[in-house]
Amino acid sequence: MECCLLTVCAASVALLFALLYFLVQRNGTCTLIWHAFINERLYDTLTRSTRPQRMLKAVQKNAIRGNPESVISAIDYFCKHSEWAMNVGDEKGCILDSVVTEVDPSTVLELGTYCGYSTVRIARLLSPGTKFITVEFNPASAEVARKIIAYAGLQDKVTLVEGASGDLIPQIKKLYGITTFDFIFLDHWKDRYLPDIKLFEEYGLLRKGSVLLADNVICPGTPEYLEYVRNSPRYESRYYPSHLEYTKVEDGLEKSLFLG
Ligand SMILES: C[S@@+](CC[C@H](N)C(=O)[O-])C[C@H]1O[C@@H](n2cnc3c(N)ncnc32)[C@H](O)[C@@H]1O
């Protein structure tokens, strides 16, 4: 009888774990709750460090100084084999690379630097003389991003600005001598995409032909932004299907061409 009870308990626990594993692999909300809250806090407590600090260590240990490709690979390896992190990731990163290469911009803005993964991806593809501003409001992430960008040898190609996008956009022309942006990568908190695109319009930061690329339009999702760019006559918009970074959960990028 005791043996039977033990078997039932073990089977229930195994079933519960299997269900949890399935949910974390396939369901966007469960994936984000697990990786970005439970797992991160657990590691932070156990290691007395932060995820960005651990990512920086992985770069310093495994990447070659001055070699952006090796920095990107070291971060992707860390995120696939040690800890998930909210970088655009390798799969969507390839789409980002192809859009940057196609636009070949002279002026670039990135909203949401985090640890500098996408910054390194973008900066390594830019032609000499391109102005590239990346914005991050979390000082601890910005500090790590500066170190990772410098480790990749790209510090002279990027201006990292610490602050909130909504405060910076209205001042960007005056502070950085920019007239308009050729390419903008939106990858900050999702509820800021719509207000910030409206700020770009209001402050004349877009020209006919400017390209906006927005990450995570499905997971966590940016429904108001998508509705806006897909229905406004001022944009021609296209969805690039992919997956949430380092998972099998559906996600994608929205590329929007400003028509003037
Ligand atoms: C998804 S992560 C960026 C990932 C990064 N682009 C990459 O692929 O490596 C989002 C980042 O945006 C920052 N952020 C969120 N809202 C912001 C805002 N309004 N202004 C500036 N930074 C913001 C967060 O602190 C976080 O580090």
*asked:* Report every pair of residues separated by at least 6 positions or lying on different chains whose Cβ atoms are under 7 Å apart, first residue within the stretch 172-187 and touching a residue at least 12 places away in the same chain (Cβ under 8 Å) and within 15 Å of the ligand (Cβ to nearest atom), second part of a loop (DSSP other than H, G, I, E, B) and of a type in the set (Asp, Glu).
replied: LEU186/ASP215; ASP187/ASP215
*Identify the single condition in (1) among the small types (Gly, Ala, Ser); (2) surrounded by 15 or more Cβ atoms within 10 Å (Cβ to Cβ); (3) in a helix (DSSP H, G or I) that SER256 does not satisfy, given that it satisfies every other one.*
(3)
*Considering only the stretch 74-92, how many residues are under 18 Å from ALA63 (Cα atoms), in contact (Cβ under 8 Å) with a residue 12 or more places away in the chain and out of contact with any Phe, Trp or Tyr (no Cβ under 7 Å at 6 or more places or on another chain)?*
7
*Might you check whether a residue that is in a helix (DSSP H, G or I) and in contact (Cβ under 8 Å) with a residue 12 or more places away in the chain occurs anywhere in the stretch 208-217?*
yes
*asked:* So, in the stretch 178-192, how many residues would count as being surrounded by fewer than 18 Cβ atoms within 10 Å (Cβ to Cβ) and within 19 Å of LEU244 (Cα to Cα)?
replied: 2
*Report yes if SER118 is away from the ligand (no atom under 16 Å from the Cβ) and either under 12 Å from the mean Cα position of the chain (by Cα) or not β-branched (Val, Ile, Thr) (or both), otherwise no.*
no
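Conditions (1) modelled with pLDDT under 95; (2) within 13 Å of the ligand (Cβ to nearest atom); (3) crowded, with 20+ Cβ neighbours inside 10 Å, marked per residue:
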site: TYR43; (1), (2), (3): yes, no, no
site: PRO52; (1), (2), (3): no, yes, yes
site: MET55; (1), (2), (3): no, yes, yes
site: GLN60; (1), (2), (3): no, no, no
site: ALA63; (1), (2), (3): no, no, yes
site: SER73; (1), (2), (3): no, no, no
site: ASP76; (1), (2), (3): no, yes, no
site: THR101; (1), (2), (3): no, no, no
site: LEU109; (1), (2), (3): no, yes, yes
*Residues GLY89, GLY116: which one is surrounded by 24 or more Cβ atoms within 10 Å (Cβ to Cβ), within 25 Å of LEU199 (Cβ to Cβ) and either touching a helix residue (DSSP H, G or I) at 6+ places or on another chain (Cβ under 9 Å) or among the aliphatic types (A, V, I, L, M) (or both)?*
GLY116
*asked:* Filter the stretch 48-60 down to the residues that are among the basic types (Lys, Arg) and in contact (Cβ under 8 Å) with a residue 12 or more places away in the chain and list them by number.
replied: ARG51, ARG54
*Residue check, THR247 against (1) surrounded by 18 or more Cβ atoms within 10 Å (Cβ to Cβ); (2) outside any loop (DSSP other than H, G, I, E, B); (3) more than 13 Å from the ligand (Cβ to nearest atom), all met but one. Which one?*
(2)
*asked:* With the requirement that a residue be within 14 Å of LEU194 (Cα to Cα), away from the ligand (no atom under 16 Å from the Cβ) and either among the hydroxyl-bearing types (Ser, Thr, Tyr) or surrounded by fewer than 16 Cβ atoms within 10 Å (Cβ to Cβ) (or both), what does the stretch 204-233 give you?
replied: PRO223, GLU227, TYR228, ARG230, ASN231, SER232
*asked:* For LEU194, only one of the following conditions fails: (1) within 19 Å of the chain's Cα centre (by Cα); (2) closer than 24 Å to PRO52 by Cα. What is its number?
replied: (2)
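The values are calculated or read from the model by the stated rules, or taken from the named source; none is laboratory data. Given the structure is predicted, the values throughout are model-derived calculations rather than measurements. Here the Cβ is made from the backbone with ideal geometry for all residues, glycine too, and neighbour counts use every protein chain on show.
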